[in-house]
Structure formats: structure tokens, C-alpha cells
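The values are calculated or read from the model by the stated rules, or taken from the named source; none is laboratory data. Model, not experiment: these values are computed from the prediction. Methodologically, a virtual Cβ is constructed for each residue, glycine included, from the backbone with ideal geometry; neighbour enumeration extends over all protein chains shown. For accessibility, only protein heavy atoms count, side chains too; no ligands or nucleic acids. Shrake-Rupley method; radii C 1.70, N 1.55, O 1.52, S 1.80 Å.
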Amino acid sequence: MAGGDVGHVGECDLEAFRGLRRALRDLAGVVTEDTRDVSGDRDLARAVAEVNAAVRQTAAWPQLEVVGGELVRRTASAAPGVVRVLAAIAAEGVELFGGERRSLLRACYAPGCVLYFVKDHPRREWCSPGCGNRVRAARHYRRVTSREHG
Ligand SMILES: [Zn+2]
């Protein structure tokens, strides 16, 4: 699928992606016990059903092709490109939330951030260097202002 044409993306497709994003956020919120305001009502059963439905939309199978005399393994699917992309994202969600990396998932508590990240390093606390910089700047600002105001 890399570099392939996704094809026409309609309003229904966008709605499907928004629904999947909401479901993945709900799952991340539950797993990380997210206490941020952006993580409101979470419906675990609905989120699981939505992710599973998205994965099921694509039936893919391995195929052999001959390219320049060499045998190559390709993945074929009857689903439109946009559906394959949706299903691939949902499948990554199944891998993440159903696998061991789930325990490494964290909410980013940097000011204004709504994202989640996989804590792939013991000292990692933020989703991105930008969030880390914002937190350090805010701490510095608090130190400076508290000194100025006694
Ligand atoms: Zn962040």
C-alpha cells in the first residue's frame, strides 16, 4: 500500500476516520486512566466494536507476483484504498491495545496537549520534544514569577 493511490475520499469516509479516531482515543483513555479534560466520556464496548468493524472491512490476502523474473510477495485486497487505510490503522490499534506495548501507553500531560505516546524510554515523559520544551518553559516561568512576587 505504500505510496499507492488512496482514491476518492468522501464525507462518509471522513466520518469513518473520525469515528475510528474517537474509538482509539477512548481505548487509550481507558488504558492510561487519562484524567485530562479532553478525555471525557469513554464507552469501551462501543470503541472495541468500532475498531473491530473497521478491521473487518478489508479482506487481504498474500499473493505471489513475478517482477523482473523474481518472485515477490504482495498483499492484495478487494477493498477500496481508503477502506484499506482505515482498516490498517484499526489493525494497528488492535496490535497496540491487544499486545504488551499497551502497558507502555501514556497520556501526555504537557499543557494543552491531547495526545498519547508509547513510553519507549524510561525517562520519556512527553509525547514530543516540543511538549517537553513547553513544560520546561512553564516551570521556568513559574519559578521566575514566584521569585518576583515573593
Ligand atoms: Zn504532548
Distance in nm between pseudo-label sites at Ala91 and Asn133 (7 Å out along the Cβ direction from Cα): 3.6 nm
Axial C-alpha extent at least 30 Å, average Kyte-Doolittle at least -0.5 - helices from the chain (DSSP): 11-32
Rounded accessible area per residue of segment 108-150, 1.4 Å, Å²: 76 Å²
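Under 1.5 on a/c is rounded, so check that first for segment 108-150, then, if it is not, pick prolate when a/b is larger than b/c and oblate when it is not; a ≥ b ≥ c are the square roots of the alpha carbon gyration tensor eigenvalues. Spell out each step's value before the answer.
Numbers: a/c = 3.73, a/b = 2.46, b/c = 1.52.
It comes out prolate by the Cα gyration axes.
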Portion, in percent, of the accessible area of the chain that falls on carbon or sulfur, probe 1.4 Å: 55 percent
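Probe of 1.4 angstrom, ligands and nucleic acids ignored: what's the accessible area per residue over segment 1-81, in square angstrom? Show your work: numbers first, answer last.
Details: 5640 Å² over 81 residues.
With all protein chains present, segment 1-81 gives 70 Å² per residue.
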Amide H contacts of Leu105 (H built 1.01 Å from N, under 5 Å, at least 5 apart or other chain): Lys119
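Find the Cα radius of gyration of the chain, compare it with 2.2 N^0.38 Å by division, and give the number to two decimals.
On the way: Rg = 20.6 Å, N = 150, 2.2 N^0.38 = 14.8 Å.
Cα-based Rg divided by the globular estimate yields 1.40.
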For segment 103-150 and segment 30-101, distance of Cα centres in Å: 30 Å
